[in-house]
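A short worksheet on the structure shown next.
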Amino acid sequence: MKIILIANPKGGSGKSTLAAHIAGYWAWQGERVMLGDLDRQHSAKRWLALRPDRYPTITGWEVKDGEPAKPPKETTAAVLDSPAGLHGKRLEAALKVSNRILVPVQPAAFDMWASADFFRLLAEEKAVRKGQVEVAVVGMRVNPRTQAAKQLDAFLREFDLPVLTQIRDTQLYVQLQPRGLTLFDLPKPRFERDYAQWAPILNWLK
């Protein structure tokens, strides 16, 4: 079973956006998908409640605080949307059921500082050290023409982690959220640029 943890200690880094979109993509691929919400704000759970029935099904995954239960046997893929400040026993519990971690990072000083501490924390985790859990990074809400984007590139080069892609700063994702939709629910020809940005993530998930 494929289980991916979306994690970053900084709130507002784009975790729920990534979690919802990965779940949506897998659902379109015919996977039996569960979307787990570890965040007390329950953003992913609220988004899921808004998802129209005519789109591929994504099932909610009820997860106890700090003790992620294994999803039902018929599940083939699962996504865990984690809260800000994930660490200690809660992080260890999430890692026990995950085989991949995707870390979203925005091009802002506060986000990069928090991410640096998180990268060091992950490097100390036994599952990561032994290669049992793969870790990768995604730049979120990035405008490549800005100085902030250049600073993000320089920052991420300091760590021995694969940087899969950069998701552009666009209102598209904001507009999709209250409709319970993802980019993958839209006609591909109209959003080729955004699909192209997601391709490295989807290849990594395979």
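Of LYS2/LYS96; LYS2/LYS188; LYS15/LYS45; LYS2/LYS70; LYS96/LYS130; LYS89/LYS126, which ones are farther than 18 Å apart at the Cα? Please list the in-between numbers first.
Values: LYS2/LYS96 13 Å; LYS2/LYS188 25 Å; LYS15/LYS45 13 Å; LYS2/LYS70 12 Å; LYS96/LYS130 13 Å; LYS89/LYS126 13 Å.
Long pairs (Cα-Cα over 18 Å): LYS2/LYS188.
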Q. Picking from ARG145, ARG120, ARG40, which is most flexible by a Gaussian network model of the chain using Cα springs under 10 Å?
A. ARG145
Q) In percent, what relative contact order does the chain have, based on Cα pairs under 8 Å that are 6 or more apart in sequence? A) 25
Q: Compute the separation of the alpha-carbon centres of segment 116-190 and segment 8-66 and state it in Å as a whole number.
A: 16
Q: Would you please give the residues with an amide H less than 5 Å from that of ILE101, counting only those at least 5 places away or on a separate chain, with H modeled from the backbone geometry?
A: LEU5, GLU134, VAL135, ALA136
Q) Roughly how many debye, to the nearest 20, is the charge dipole of the chain about its Cα centre, given +1 on each Lys and Arg Cβ, -1 on each Asp and Glu Cβ, and no other charges? A) 220
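Once you order the gyration tensor axes a ≥ b ≥ c over the Cα atoms, which shape class does the chain get: rounded for a/c under 1.5, otherwise prolate or oblate by comparing a/b with b/c?
On the way: a/c = 1.60, a/b = 1.06, b/c = 1.51.
In terms of gyration-tensor shape, oblate.
Bear in mind these aren't lab numbers, they're just calculated from the coordinates by the rules spelled out. From a predicted model like this one, the values you see are computed outputs, not experimental measurements. Virtual Cβ from ideal backbone geometry, glycine too; neighbours counted across all protein chains shown.
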